[in-house]
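Since the structure comes first, as structure tokens, the remarks are kept for the end.
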Amino acid sequence: MTEKELLEQLNELKSIKPNQNWASWLLSNILTKRHEQAIVRPRVKLVSFSFLHQYQKALVSAAFVVLFISTFAFAQTTLPGNLLYPVKTLTQNAKIALASKDYKPVVRMQITKARLEDMAKITDQEQAVALMSQNIQKDLQTIPQELKNISKKQVALQMSKQVQDEAKDLKNLSNNSLNKNINNLNQNIDEFQDKVFAFIFSTEEEINQCPTSLQDKLANLQKYFTENIQIVAQWSPDEITKIRTFLADISNDIKVGNCLEAMEKIESINQILQIHSLDIKVETSTPEN
Amino acid sequence: MTEQEFSQFYKNNINKVFRFIYLRVDKIETAEDITSQTFLKVWQRQIPVIASDEALSAGRQEFPLISNPTAFVYQVARNQIIDFYRQKNKKPLSLEELKEKGIDLPQKSFISQIELSFEMENLKKALQRIKPAYSEVIIWHYVDDLSTKEIAQILDKNENNVRVLLHRALEILKKELNKKV
């Protein structure tokens, strides 16, 4: 198409016109609007926020999010007796639940300490103090158990020392509170600190004795496999491969000095032996930890 | 602006403005709605379309004088079309909403119909396919007979820019039409 042809076609578009009846109706309709508008129209236009309508859904959602976050943030500063204190407790419990298995005892310890601090600030609510004291004592009983559940000895030792460090001021905080059963709580704190100390001591000992213990266990395993080669030959190829892999890893761990990791793998081999109901034989032929 | 002044302005521009809008939207009803809103806004704003002494002495000097009212009405129309396409993805205005906006519906139905030849229909569709900035200048200059000076005022650009834009727009439209042929 040439430019001339295009311009001719564009010129033809000039024939487009609105319906004349509609055009006349529209004019008369618009003219009637003037009087109404003149009365109500303000001389100075106020600032309009009408543009916000198009973001209505997003704004409502954002407002809820802000309200939600600020409620949680404000709740963290509340004390027992306040309406929002259950929100704070809920947040603290969620923190414990979401913490990794290894770090859980430290998080629980930090929160127990925070709860003791809150308890020390209350001056007029004995019932709330008694309830808090009970919950704190439950937590103090749970923490040592959680420390024992940590599978890696070195991690367990590190976490226990952190817990011990956090637990230093517990008694001072407890003495500042209104708690009537303060002796009971203090006794629990003493027991808790003793348990943590004992756990640190035994774990350190276990780590220090690891090389000797590892050599003994390895020798016993080797002896067992040599003596029972016919029984072991009946196992599935998967299990034999698994044990070979463990033994190769143990050999590597010993070379690089990872005694504790090698020990964990020996425990895994022992578990396989237990599945075959051979644990009694192994236990009798392997030395105690 | 007196009723007489507005009526005169309306009669001079209704065909052009309607045409400009109709070529940018799909349906004739949509074009009628947007044309209604455009002229209603001009009227409600009480712009001294014709800057007469009478208008000034009537106490309407709070509104700035519009040196080119035709350009102004096209600016309003242009914004209304943009609003229409923005709202199109949401929901159509209900009859009640149209009334709230000050648009009375006709008491009797006007059977509006525009017969376009095959070539004109093709041209209209091609105008809608190219960038709005191009189709606008083509319609204003070649269909509504606006000068480059008037277009420059609507777009707030200088005349040279408008000439360049027109040239480019025409080339693009030609390519678009040839593509379809």
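Apart from one condition, A:ALA94 fits all of (1) part of a helix (DSSP H, G or I); (2) assigned by TED's automatic domain parsing to the domain that holds A:LYS161; (3) loosely packed, with under 14 Cβ neighbours inside 10 Å; (4) at pLDDT below 85; the exception is (4).
Test of understanding: among B:GLU136, B:GLU176, which residue is of a type in the set (D, E, K, R), away from every other protein chain (no Cβ under 11 Å), in a helix (DSSP H, G or I) and surrounded by 13 or more Cβ atoms within 10 Å (Cβ to Cβ)?
Details: B:GLU176 fails: away from every other protein chain (no Cβ under 11 Å).
After ruling out the rest, the residue left standing is B:GLU136.
Within the range B:118-127, restricting attention to residues that are surrounded by 13 or more Cβ atoms within 10 Å (Cβ to Cβ) and not aliphatic (A, V, I, L, M), the residue that is nearest to the other protein chains (Cβ to nearest Cβ) is B:GLU119.
Results for (1) facing chain A (nearest Cβ under 10 Å); (2) under 10 Å from the mean Cα position of the chain (by Cα); (3) modelled with pLDDT under 90, shown as yes or no for each residue.
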{"position": "B:LYS16", "(1), (2), (3)": "yes, yes, no"}
{"position": "B:PHE20", "(1), (2), (3)": "yes, yes, no"}
{"position": "B:ILE28", "(1), (2), (3)": "yes, no, yes"}
{"position": "B:THR35", "(1), (2), (3)": "yes, yes, no"}
{"position": "B:GLN44", "(1), (2), (3)": "yes, no, yes"}
{"position": "B:ILE50", "(1), (2), (3)": "no, no, yes"}
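Does the range A:78-92 include one or more residues that are among the basic types (Lys, Arg) and in contact (Cβ under 8 Å) with a residue 24 or more places away in the chain? No, the range A:78-92 contains no residue that is among the basic types (Lys, Arg) and in contact (Cβ under 8 Å) with a residue 24 or more places away in the chain. Within the range A:1-18, residues that are over 14 Å from B:ASN15 (Cα atoms) reach partners that are outside any helix (DSSP H, G or I) and among the β-branched types (Val, Ile, Thr) with beta carbons closer than 9 Å, at six or more positions or on different chains, in the pairs A:MET1/B:VAL181.
For the range B:139-148, a tally of residues being within 12 Å of chain A (Cβ to nearest Cβ) and either over 13 Å from A:LEU7 (Cα atoms) or touching a Phe, Trp or Tyr at 6+ places or on another chain (Cβ under 9 Å) (or both) returns 4.
Could you check, for the range A:189-204, whether at least one of its residues is over 31 Å from the mean Cα position of the chain (by Cα) and modelled with pLDDT of 80 or more? No - not one qualifying residue is present in the range A:189-204.
Between B:GLU171, B:GLU176, which is over 13 Å from the mean Cα position of the chain (by Cα), at pLDDT below 90, outside the structural domain of B:PRO69 (by TED's automatic domain parsing) and under 17 Å from A:GLU5 (Cα atoms)?
On the way: B:GLU171 fails: at pLDDT below 90.
One residue alone meets the criteria, B:GLU176.
Helices (runs of 4 or more DSSP H) fully within the range A:126-239 that include at least 2 residues being surrounded by 14 or more Cβ atoms within 10 Å (Cβ to Cβ) and touching a residue at least 12 places away in the same chain (Cβ under 8 Å): A:126-148, A:153-166, A:170-175, A:182-208, A:210-227. Among residues of the range B:159-174 that are under 18 Å from B:GLU119 (Cα atoms), those with a Cβ under 9 angstrom from a residue that is not in a helix (DSSP H, G or I), sequence gap 6+ or separate chain, pair up as B:ILE172/B:ILE130; B:ILE172/B:LYS131; B:LEU173/B:ILE130; B:LYS174/A:MET1; B:LYS174/A:THR2.
The values are calculated or read from the model by the stated rules, or taken from the named source; none is laboratory data. None of the values given here were measured: they were computed from a predicted structure. Here Cβ is always computed from backbone atoms with ideal geometry, including for glycine, and neighbour counts include all displayed protein chains.
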